[in-house]
Every structure is written in C-alpha cells, then in structure tokens.
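First up is the structure itself, then whatever we jot down about it.
The values are calculated or read from the model by the stated rules, or taken from the named source; none is laboratory data. Since the structure is predicted, the reported quantities are computational estimates derived from the model, not experimental observations. All Cβ positions, even for glycine, are placed from backbone atoms using ideal geometry, and neighbour counts span all protein chains on display.
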C-alpha cells in the first residue's frame, strides 16, 4: 500500500497548475510585434521610395563591368600598301622568384634565381648572369623580357617553371624601322602615343577600340545580357599615307651620305606632287628606331622640317620674281645692272662671289644667284605692296597640313618692313624672314601647279579593300597667273642648264632648280660661320608636277654651297622619282638629243 501511495503522489506532483496571463503582458507583446512590422514597413518604403535610385545604381555597378579591350590599332600603310605600322601579338615575361620551383619539386622547395636563369638564358638569347642580376633580391614582379614572339614564349612555357608568368597583348611594330620614324612617331610601353601621326591621329587610329559592358550574376558568372550584336566586331580599316617607301628610302640614304660627308648637323628631303599637295617623301637625318625608342634622345622625336624655322636664302628668289611679275613691277624682258655691291640704309650688300655681272636679264640673276640683282629687281615694287604679297602667301600662318606640329613663319610687321629700306632689300634674297622647309615646299609647289597654293599632306584617308574614305583636300587658292609661274620655271630651268644647279641636270629631262646658301640665325643674331644649304627642283618643266627640296643644316668644310651639298642629293632623288613614277623624257629635249 505504501508503494501505491508514493507512486500516486509522484503522478499528482507532475500536474502543473495553469494561471491566467496578465492582460498587460499580452498588450506588450502585441505592441512589440506591431512596432517591428511597422519598422520593417517603413524601412521597405524608405528603400523603395527614397533610396531606390541610389541602390539601383550601386547594384548595376556591382553587376556590370566596363572593359576597354587592348584591341589592335589600325594599320598604317604607304601609297602602295606597304606596311608601315601594325599591331602584332607579343609576350612579356615576368618572374616571381619567391615561387620558383621545377615540376615534381616538393611543395616547400624553392629554386634560386641563378638556377632559373640558366634554363631561360638560351631561349631568351641573353647570359644567365644578366638575368640573375636583373632578378637580384626581388621577390616578385621582375620583367625579364618584352616584345617576345609567341613562338619564343611557347618554348619558355614548355619548361613549366613555377613563378614565370606570361602577359600576352598587342605590340605596335614598325616594319620599316627608322625609315618613317619622323612621320609616324611611336607608342610607348603603355601603348600611349608619343609623337608623329600616332599622336596627332590617335582618335582615328584607335576608333575600333570600343568599351564593352559585361553583366555578371551574384557569383560573378558573366551573363550574355548587354552584349549586343556587333559588340565584338573589328573593322579592317587601315590608314593610307601618300608617302612612297621606295622613294623615302632613296631620299634617306642619299641624305645620310651627304650629312656624314660634310659633317653636317642634320638634313631633310621632301618630295611633293604639286597638283594635289601629296608628299611622296619626307626624310630627315639623324633619325631613330621607333621599335627601340628608349635608346634615343627625345630631341629626335620631332620632325624639324615641319617645326623649325630657317631663312631660306636664294631658294626664295624665284618666289620673289613671281610676286614682282604678278604685280607688274617686272616683265619677262626686264634687265638689271649688277655692279657687284650696293649700300642700303648704311648696310653693304654684295654678291656671294663678290663679282659684278653688269647688265643681265632675270634668268641670269637666278643663274648666278645675284643678291644685288634681286635687290634692284624688287626695288621696282612698292615696299607696302611687296609686304602685302608676302602676307598673302601666308608666311605668318602655319601651312594647312595634316603633319603634326606645323608652325607659322616669321615676317616683320608692315610698319617695320616699310619703315626701313633694308628690310625689303634683305627679303629680296631670302634673308630677314623665316619659314619651315615645308612652307618653302608649298610655295614652290605654287610655281609648279600654275599658281595655286595647295595644302601639303601625307594622309590619303582610311582604306578598306579598294574603298577609300575620309580623303578630302582642297584644290588650293589661286594666287598667280599660270603664265607667271611658267615663266619663272623657264628661268629656273636655265639655272640647271647653265647656272649653279648643273649638278642636277639629267639628259632628256627638263628640270628647273635653284640653289641656296644662307647664313644661319639664332635669336635674331647670325651665327659666325654657320650656313644652311638647300636646293629646290621642279620637274618636268614642260609639264610641271613634282617639287623636290633638300636642306642640309650646318655642313662643315670648304666649298660649302647648295650646289655642292644639297643638289647631289636632289639629283639622286629625281633619278629615282623618274623611274618610280615612269616619267617619260621631255619631248623637246629628246628631239634635240637625236639631232646632235
């Protein structure tokens, strides 16, 4: 009985008594729940109505990635389609010495930079010592080589060395080396344009490098959304120049030969089709290799024939005679009494040979390059009218050209020019005013094309297959009567046939020319002993089309003249031009040769 009572008591003790919950507690719980739901509602309303746009923008930034691809820049070709600049795949090799390990090595094992260098050196073509020294004590991020061919990189990859990384990407290559460096410029190691057309036409050359938007899911997986049709399209446009590689090579080689022979500071050679202003050659020395630009001085990265001023000297005399003929101050039959010297405003002026040539016609003035004759010829023209003509030739303006960095010339103000008679006197033989070789070429082109001032240029436009786009150059402004320009060319022909330009004479062809040997000025003061020699040629005179200009700066030695330094270069260029452009002999000259 006792056990039954105990069990009964235990079962009775397990029964819980229920007590009523106070109403205040229920009210508190309900209020807390309502407050929480209300807070969530208010938060939701704030997120949707107030911060919605900001949160959407942040979400799009997290989900969308904008990438600028390392796409290829457009190729640059010459007038015949020869490659001048092209993007090719190249590889940069990086070393991380703290991870160096052979295949099969233990996880904790590390190889020394010397061991790795000995394996890489035979493939890279450098000594193991130089590679090891380059890595030094660096633990990571050492560039061992750049601009490697993909085949060479593949041989390195086959070694399977941990700690060697390969960075693939396009590399700008200039197949012609230094031949067009002065025109093309280059891209630096970060593919940023630094000079030449690469810089001035950067937008046109990289227009195919489009930004690409990529949508990603929450885990980072790329989504097709946002990549529209044509997003991955790459055009095949290439920039075509007017330059001819064959003629450029001849011009540069001959120019370099003369610069070295005369120990000159520098030289430039330009060839232009006067009908439309197309430049067939624009060579200058010294130059540099754009594929290894870091080895050269930055001063070589500019084209001085376009950006540096000089006093043209006697090569400006034909321009002056054309002005005087057009202004009716001279006629084709005018003569000059050359007494060898004269004095203007207390300044003595004499001929370069110190000779008096007596009564001579204007053709002889050019043949003997008479300074006195030119002064007397231009004195027949009012100085104000003379200045107005020089200004009309846009000497104070930069030439209208697509060549980067073109600068304006220097012409004295009208008041200064007319106040002192020495100013028009010196201008008559090409001193006291300054211009660039490019500007002088443009002015002589005016004589060859019948009096039109055309725009010298080196780009034809973007070409795709046989189609050419974006090529629009003005026909030029008519400034001279065609009869005037033709008369001056006939006089210039006599310079080649009988005067100082005979070195440029080529049997069977009518060629006009003018030599120039001018003092060189710096900061308004003539440098003692410093000369700049030049020669300009027109051909063929019976059907004028091409102008050739050669300028050699500061040649050294005896007998330094335009006829001895610059003219031989021009002759070599002309001989190549006759073959390249297939110019037939002048009929009148050919007939004369047959009858002799």
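Say whether the condition of being within 25 Å of residue 306 (Cα to Cα) and in contact (Cβ under 8 Å) with a residue 60 or more places away in the chain is met by at least one residue in region 408-419.
Within region 408-419, the first condition is being within 25 Å of residue 306 (Cα to Cα), and the residues that meet it are 408-413.
Remaining after also requiring in contact (Cβ under 8 Å) with a residue 60 or more places away in the chain: 409-410.
There is at least one residue in region 408-419 that is within 25 Å of residue 306 (Cα to Cα) and in contact (Cβ under 8 Å) with a residue 60 or more places away in the chain.
Given the options 485, 494, name the one that is assigned to a helix (DSSP H, G or I) and over 33 Å from the mean Cα position of the chain (by Cα). Before you say what the answer is, go through the steps one by one.
On the way: 485 fails: over 33 Å from the mean Cα position of the chain (by Cα).
On inspection, the qualifying residue turns out to be 494.
Working only within region 401-419, note down all residues that are closer than 29 Å to residue 242 by Cα and loosely packed, with under 15 Cβ neighbours inside 10 Å.
Applying the first criterion (closer than 29 Å to residue 242 by Cα) to region 401-419 yields 401-410.
Correct list: 410 only.
Kindly establish whether residue 347 is modelled with pLDDT under 95 and either surrounded by 19 or more Cβ atoms within 10 Å (Cβ to Cβ) or in the same structural domain as residue 482 (by TED's automatic domain parsing) (or both).
Values: modelled with pLDDT under 95: yes; either surrounded by 19 or more Cβ atoms within 10 Å (Cβ to Cβ) or in the same structural domain as residue 482 (by TED's automatic domain parsing) (or both): yes.
Answer is yes for this residue.
Within region 188-201, how many residues are touching a strand residue (DSSP E or B) at 6+ places or on another chain (Cβ under 9 Å) and either buried (at least 24 other Cβ atoms within 10 Å of the Cβ) or at positive phi (or both)? Steps first, answer last, please.
As a first pass, look at region 188-201 and keep what is touching a strand residue (DSSP E or B) at 6+ places or on another chain (Cβ under 9 Å): 189, 191, 193-194, 197-201.
Of the ones still in play, those that are also either buried (at least 24 other Cβ atoms within 10 Å of the Cβ) or at positive phi (or both) are 191, 197-198.
Going through region 188-201 one residue at a time, the tally reaches 3.
Does at least one position in region 54-76 carry a residue that is within 30 Å of residue 237 (Cα to Cα), at pLDDT 80 or above, part of a strand (DSSP E or B) and not assigned by TED's automatic domain parsing to the domain that holds residue 271?
yes
Name the residues in region 369-401 that are within 27 Å of residue 305 (Cα to Cα) and assigned to a loop (DSSP other than H, G, I, E, B), would you?
First, pick out the residues of region 369-401 that are within 27 Å of residue 305 (Cα to Cα): 369-371, 374, 386-401.
Within region 369-401, 369, 370, 393, 394, 395, 396, 397, 398, 399, 400, 401 meet the criteria.
Looking at region 525-555, which of its residues are over 17 Å from residue 442 (Cβ atoms) and not in a strand (DSSP E or B)?
Across region 525-555, the qualifying residues are 540, 541, 542, 543, 554, 555.
Hey, does region 221-243 have a residue that's part of a loop (DSSP other than H, G, I, E, B), surrounded by fewer than 16 Cβ atoms within 10 Å (Cβ to Cβ), modelled with pLDDT of 95 or more and over 14 Å from the mean Cα position of the chain (by Cα)? Even if it seems obvious, please write down each step before you answer.
First, the residues of region 221-243 that are part of a loop (DSSP other than H, G, I, E, B): 221, 224-237, 242-243.
Now narrow it down to the ones that are surrounded by fewer than 16 Cβ atoms within 10 Å (Cβ to Cβ): 221, 224-236.
From what is left, the residues that are modelled with pLDDT of 95 or more are none.
Within region 221-243, not a single residue is part of a loop (DSSP other than H, G, I, E, B), surrounded by fewer than 16 Cβ atoms within 10 Å (Cβ to Cβ), modelled with pLDDT of 95 or more and over 14 Å from the mean Cα position of the chain (by Cα).
Take region 402-438 and flag every residue that is farther than 19 Å from residue 323 by Cα and assigned to a helix (DSSP H, G or I).
Going residue by residue through region 402-438, those that are farther than 19 Å from residue 323 by Cα are 402-408, 415-416, 419-420, 436-438.
Matches in region 402-438: 415, 416, 419, 437, 438.
Could you go through region 326-348 and let me know if any residue there is part of a helix (DSSP H, G or I) and more than 17 Å from residue 501 (Cβ to Cβ).
Taking region 326-348 as the starting set, the residues that turn out to be part of a helix (DSSP H, G or I) are 326.
From the residues that got through so far, the ones that are more than 17 Å from residue 501 (Cβ to Cβ) too are 326.
Yes, because at least one residue in region 326-348 is part of a helix (DSSP H, G or I) and more than 17 Å from residue 501 (Cβ to Cβ).
Yes or no, residue by residue, for (1) buried (at least 17 other Cβ atoms within 10 Å of the Cβ); (2) in contact with a strand residue (DSSP E or B) (Cβ under 8 Å, 6 or more places away or on another chain); (3) modelled with pLDDT of 95 or more; (4) farther than 27 Å from residue 551 by Cβ:
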| site | (1), (2), (3), (4) |
| --- | --- |
| 320 | yes, no, yes, no |
| 374 | yes, no, yes, no |
| 390 | yes, no, yes, no |
| 394 | yes, yes, no, no |
| 399 | yes, no, no, no |
